[in-house]
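The values are calculated or read from the model by the stated rules, or taken from the named source; none is laboratory data. Quick caveat: nothing in here was measured; it's all calculated off a predicted structure. Positions of Cβ are backbone-derived with ideal geometry, glycine not excepted, and every protein chain shown enters the neighbour counts. The accessibility values were calculated without ligands, DNA or RNA, using every heavy atom of the protein model including side chains. Shrake-Rupley method; radii C 1.70, N 1.55, O 1.52, S 1.80 Å.
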Amino acid sequence: MKTTAKFEEVTHGSIWMTALRSSLLFIVICGIAYPLASTGLAQLFFPHQANGSMVKDASGRIVGSELIGQTFTDPSFFQGRISSIDNDGAGSGSNNYAPSNPELLNRVKESIAQWEKENPEVPVSKLPVDLITNSGSGLDPHITPASADVQIPRISALRHIPEEQLKELVKEHTEGRDLGVFGEKRVNVLQLNLALQALGNNK
(Lines give C-alpha, C1' and ligand atoms only; values in the text may rest on other atoms or scores of the structure.)
Protein backbone atom coordinates (compact mmCIF):
# COMPACT_ATOMS: atom_id res chain seq x y z
CA MET A 1 0.00 0.00 0.00
CA LYS A 2 1.47 3.29 -1.06
CA THR A 3 1.07 6.48 0.93
CA THR A 4 1.76 9.97 -0.22
CA ALA A 5 2.51 13.03 1.89
CA LYS A 6 1.43 16.48 0.89
CA PHE A 7 3.66 19.36 1.91
CA GLU A 8 2.33 22.85 2.01
CA GLU A 9 4.38 25.14 -0.10
CA VAL A 10 6.34 27.61 1.96
CA THR A 11 6.85 31.00 0.40
CA HIS A 12 9.52 33.54 1.21
CA GLY A 13 6.80 35.90 2.43
CA SER A 14 5.54 33.47 5.07
CA ILE A 15 9.12 32.87 6.32
CA TRP A 16 9.63 36.59 6.79
CA MET A 17 6.29 36.97 8.58
CA THR A 18 7.13 34.10 10.94
CA ALA A 19 10.51 35.64 11.71
CA LEU A 20 8.93 39.04 12.28
CA ARG A 21 6.27 37.69 14.64
CA SER A 22 8.91 35.73 16.60
CA SER A 23 11.13 38.79 16.88
CA LEU A 24 8.27 40.96 18.11
CA LEU A 25 7.25 38.29 20.61
CA PHE A 26 10.77 38.03 22.08
CA ILE A 27 11.11 41.82 22.15
CA VAL A 28 7.94 42.07 24.21
CA ILE A 29 8.89 39.18 26.54
CA CYS A 30 12.63 39.82 26.97
CA GLY A 31 12.76 43.57 26.41
CA ILE A 32 9.62 44.72 28.22
CA ALA A 33 7.83 42.09 30.31
CA TYR A 34 10.90 40.49 31.95
CA PRO A 35 12.64 43.79 32.90
CA LEU A 36 9.37 45.17 34.30
CA ALA A 37 8.71 41.99 36.28
CA SER A 38 12.25 41.70 37.68
CA THR A 39 12.37 45.42 38.54
CA GLY A 40 8.97 45.28 40.20
CA LEU A 41 9.81 42.20 42.26
CA ALA A 42 13.16 43.70 43.28
CA GLN A 43 11.49 46.92 44.41
CA LEU A 44 8.84 44.93 46.28
CA PHE A 45 11.05 42.45 48.11
CA PHE A 46 14.56 44.04 48.09
CA PRO A 47 14.10 47.83 47.71
CA HIS A 48 17.30 48.73 49.59
CA GLN A 49 19.51 46.49 47.45
CA ALA A 50 17.67 47.31 44.21
CA ASN A 51 18.31 51.02 44.72
CA GLY A 52 22.06 50.62 45.22
CA SER A 53 22.31 49.84 48.95
CA MET A 54 22.59 53.55 49.69
CA VAL A 55 23.75 54.77 53.11
CA LYS A 56 22.28 57.85 54.80
CA ASP A 57 23.68 59.97 57.61
CA ALA A 58 21.77 61.06 60.70
CA SER A 59 20.08 63.88 58.77
CA GLY A 60 18.82 61.50 56.07
CA ARG A 61 21.29 62.68 53.44
CA ILE A 62 22.73 60.00 51.15
CA VAL A 63 26.48 59.81 51.72
CA GLY A 64 27.45 56.69 49.78
CA SER A 65 26.77 53.05 49.16
CA GLU A 66 27.42 49.97 51.27
CA LEU A 67 28.99 48.38 48.19
CA ILE A 68 31.55 51.03 47.19
CA GLY A 69 34.51 52.15 49.28
CA GLN A 70 35.37 55.77 49.94
CA THR A 71 38.61 57.62 50.55
CA PHE A 72 38.79 59.35 53.94
CA THR A 73 41.62 61.87 54.02
CA ASP A 74 40.96 63.00 57.60
CA PRO A 75 43.21 60.83 59.85
CA SER A 76 40.64 61.05 62.65
CA PHE A 77 38.46 58.67 60.64
CA PHE A 78 39.03 54.98 59.96
CA GLN A 79 40.81 54.44 56.65
CA GLY A 80 39.78 51.85 54.09
CA ARG A 81 41.78 49.91 51.54
CA ILE A 82 43.94 51.53 48.90
CA SER A 83 42.15 52.04 45.59
CA SER A 84 44.08 52.39 42.34
CA ILE A 85 40.94 53.92 40.76
CA ASP A 86 40.17 56.30 43.65
CA ASN A 87 37.02 54.33 44.49
CA ASP A 88 35.37 55.51 41.28
CA GLY A 89 32.10 53.60 41.04
CA ALA A 90 31.93 54.20 37.28
CA GLY A 91 34.40 51.35 36.78
CA SER A 92 36.29 48.70 38.64
CA GLY A 93 39.61 46.92 38.47
CA SER A 94 43.23 47.35 39.42
CA ASN A 95 46.60 47.68 37.73
CA ASN A 96 47.23 43.98 38.36
CA TYR A 97 50.91 44.58 39.11
CA ALA A 98 53.17 41.60 39.71
CA PRO A 99 54.83 41.49 43.16
CA SER A 100 58.13 42.45 41.53
CA ASN A 101 56.72 45.49 39.72
CA PRO A 102 58.64 48.65 40.80
CA GLU A 103 55.48 50.76 40.79
CA LEU A 104 53.78 48.36 43.19
CA LEU A 105 56.83 48.30 45.46
CA ASN A 106 56.99 52.11 45.50
CA ARG A 107 53.28 52.36 46.27
CA VAL A 108 53.60 49.94 49.18
CA LYS A 109 56.63 51.82 50.52
CA GLU A 110 54.71 55.10 50.35
CA SER A 111 51.75 53.53 52.15
CA ILE A 112 54.02 52.19 54.89
CA ALA A 113 55.72 55.58 55.28
CA GLN A 114 52.32 57.26 55.58
CA TRP A 115 51.28 54.69 58.16
CA GLU A 116 54.41 55.27 60.26
CA LYS A 117 53.80 59.02 60.13
CA GLU A 118 50.15 58.86 61.23
CA ASN A 119 50.40 55.85 63.57
CA PRO A 120 53.63 56.11 65.57
CA GLU A 121 52.11 54.00 68.36
CA VAL A 122 51.60 50.94 66.12
CA PRO A 123 54.70 49.29 64.56
CA VAL A 124 54.66 48.27 60.91
CA SER A 125 54.95 44.63 61.99
CA LYS A 126 51.34 44.85 63.24
CA LEU A 127 50.03 46.49 60.07
CA PRO A 128 47.48 44.18 58.34
CA VAL A 129 48.26 43.64 54.68
CA ASP A 130 44.80 44.69 53.47
CA LEU A 131 45.50 48.30 54.50
CA ILE A 132 48.38 48.58 52.03
CA THR A 133 47.03 46.48 49.17
CA ASN A 134 44.43 47.15 46.51
CA SER A 135 41.39 44.87 46.23
CA GLY A 136 40.62 43.17 42.92
CA SER A 137 37.85 45.64 42.10
CA GLY A 138 39.45 48.71 43.68
CA LEU A 139 36.05 49.38 45.28
CA ASP A 140 36.12 47.18 48.39
CA PRO A 141 34.15 48.97 51.14
CA HIS A 142 35.33 46.62 53.88
CA ILE A 143 38.43 46.06 55.97
CA THR A 144 39.20 43.27 58.41
CA PRO A 145 38.45 43.82 62.12
CA ALA A 146 42.21 43.73 62.72
CA SER A 147 42.68 46.61 60.27
CA ALA A 148 40.15 48.64 62.21
CA ASP A 149 41.67 47.76 65.58
CA VAL A 150 45.18 48.95 64.68
CA GLN A 151 43.76 52.39 63.81
CA ILE A 152 42.15 52.84 67.22
CA PRO A 153 45.20 54.42 68.99
CA ARG A 154 45.42 57.14 66.31
CA ILE A 155 41.72 57.91 66.35
CA SER A 156 41.56 57.82 70.13
CA ALA A 157 44.35 60.39 70.37
CA LEU A 158 42.83 62.70 67.74
CA ARG A 159 39.23 62.50 68.95
CA HIS A 160 39.94 62.01 72.68
CA ILE A 161 37.66 58.99 72.79
CA PRO A 162 38.73 56.09 75.06
CA GLU A 163 40.19 53.15 73.17
CA GLU A 164 37.83 50.71 74.87
CA GLN A 165 34.86 52.66 73.55
CA LEU A 166 36.28 52.54 70.02
CA LYS A 167 36.92 48.81 70.33
CA GLU A 168 33.26 48.30 71.23
CA LEU A 169 32.27 50.44 68.24
CA VAL A 170 34.34 48.25 65.91
CA LYS A 171 32.87 45.10 67.44
CA GLU A 172 29.33 46.43 66.93
CA HIS A 173 30.04 47.05 63.24
CA THR A 174 31.83 43.78 62.53
CA GLU A 175 29.87 41.64 60.09
CA GLY A 176 30.08 37.87 60.34
CA ARG A 177 30.68 35.32 57.60
CA ASP A 178 27.92 34.95 55.03
CA LEU A 179 25.60 32.16 56.15
CA GLY A 180 28.09 31.58 58.94
CA VAL A 181 30.65 29.84 56.70
CA PHE A 182 31.45 31.91 53.60
CA GLY A 183 34.00 34.70 53.51
CA GLU A 184 35.66 36.40 56.46
CA LYS A 185 34.57 38.77 59.20
CA ARG A 186 34.63 42.34 57.94
CA VAL A 187 33.87 45.94 58.82
CA ASN A 188 32.14 48.41 56.49
CA VAL A 189 34.31 51.52 56.76
CA LEU A 190 31.63 54.03 55.77
CA GLN A 191 29.12 52.78 58.30
CA LEU A 192 31.79 52.60 60.99
CA ASN A 193 32.83 56.21 60.30
CA LEU A 194 29.21 57.39 60.45
CA ALA A 195 28.91 55.80 63.88
CA LEU A 196 32.23 57.36 64.86
CA GLN A 197 31.05 60.77 63.70
CA ALA A 198 27.92 60.39 65.80
CA LEU A 199 30.13 60.01 68.89
CA GLY A 200 31.74 63.37 68.21
CA ASN A 201 34.99 64.55 69.80
CA ASN A 202 35.50 64.35 73.56
CA LYS A 203 37.58 67.48 73.96
(message) When you check Ile143 against the structure, is it under 25 Å from Lys56 (Cβ atoms), among the hydrophobic types (A, V, I, L, M, F, W, C) and within 15 Å of the chain's Cα centre (by Cα), yes or no?
(response) yes
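Arg107 - would you say it is modelled with pLDDT under 90, of a type in the set (Lys, Arg), at negative phi and in contact with a Lys or Arg (Cβ under 9 Å, 6 or more places away or on another chain)? Break it down stepwise before answering.
On the way: modelled with pLDDT under 90: yes; of a type in the set (Lys, Arg): yes; at negative phi: yes; in contact with a Lys or Arg (Cβ under 9 Å, 6 or more places away or on another chain): no.
Considered against the rule, which asks whether it is modelled with pLDDT under 90, of a type in the set (Lys, Arg), at negative phi and in contact with a Lys or Arg (Cβ under 9 Å, 6 or more places away or on another chain), Arg107 comes out as no.
Yes/no matrix, rows are residues, columns are (1) outside any loop (DSSP other than H, G, I, E, B); (2) within 28 Å of Ala90 (Cα to Cα); (3) at pLDDT below 95; (4) open to solvent by 40 Å² or more (accessible area, probe 1.4 Å):
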residue: Leu139; (1), (2), (3), (4): no, yes, yes, no
residue: Ala148; (1), (2), (3), (4): yes, yes, no, no
residue: Pro153; (1), (2), (3), (4): yes, no, no, no
residue: Glu168; (1), (2), (3), (4): yes, no, no, yes
residue: Lys171; (1), (2), (3), (4): yes, no, no, yes
residue: Glu184; (1), (2), (3), (4): no, yes, yes, yes
residue: Leu190; (1), (2), (3), (4): yes, yes, no, no
residue: Gln197; (1), (2), (3), (4): yes, yes, yes, yes
residue: Asn202; (1), (2), (3), (4): no, no, yes, yes
(request) Any residue in the range 102-118 that's in the same structural domain as Ile132 (by TED's automatic domain parsing): show its pairings with residues that are modelled with pLDDT of 90 or more and in a helix (DSSP H, G or I) at Cβ separation under 9 Å, as long as the two are six or more apart or on different chains. (result) Ser111/Leu131; Ile112/Val124; Trp115/Val124; Trp115/Leu131; Glu116/Val124; Glu118/Arg154
(request) Go through the range 98-136 and count every residue that is within 21 Å of the chain's Cα centre (by Cα) and either open to solvent by 70 Å² or more (accessible area, probe 1.4 Å) or more than 27 Å from Leu166 (Cα to Cα) (or both). (result) 2
(request) Could you please tell me which pairs satisfy a Cβ distance under 6 Å, a separation of 6+ or placement on different chains, a first residue in the range 63-80 that is closer than 19 Å to Glu175 by Cβ and assigned by TED's automatic domain parsing to the domain that holds Ser137, and a second residue that is among the aromatic types (Phe, Trp, Tyr) and in a loop (DSSP other than H, G, I, E, B)? (result) Gln79/Phe72
(request) Filter the range 73-92 for residues that are open to solvent by less than 40 Å² (accessible area, probe 1.4 Å), at pLDDT 90 or above and in contact with a Gly (Cβ under 8 Å, 6 or more places away or on another chain) and give the result. (result) Gly80
(request) List every residue pair whose Cβ atoms lie under 6 Å apart, where the two residues are 6 or more positions apart in sequence or sit on different chains, the first residue falls within the range 161-172 and is under 13 Å from Gln191 (Cα atoms), and the second residue, located anywhere, is open to solvent by less than 80 Å² (accessible area, probe 1.4 Å). (result) Leu169/Ala195; Val170/Ala148
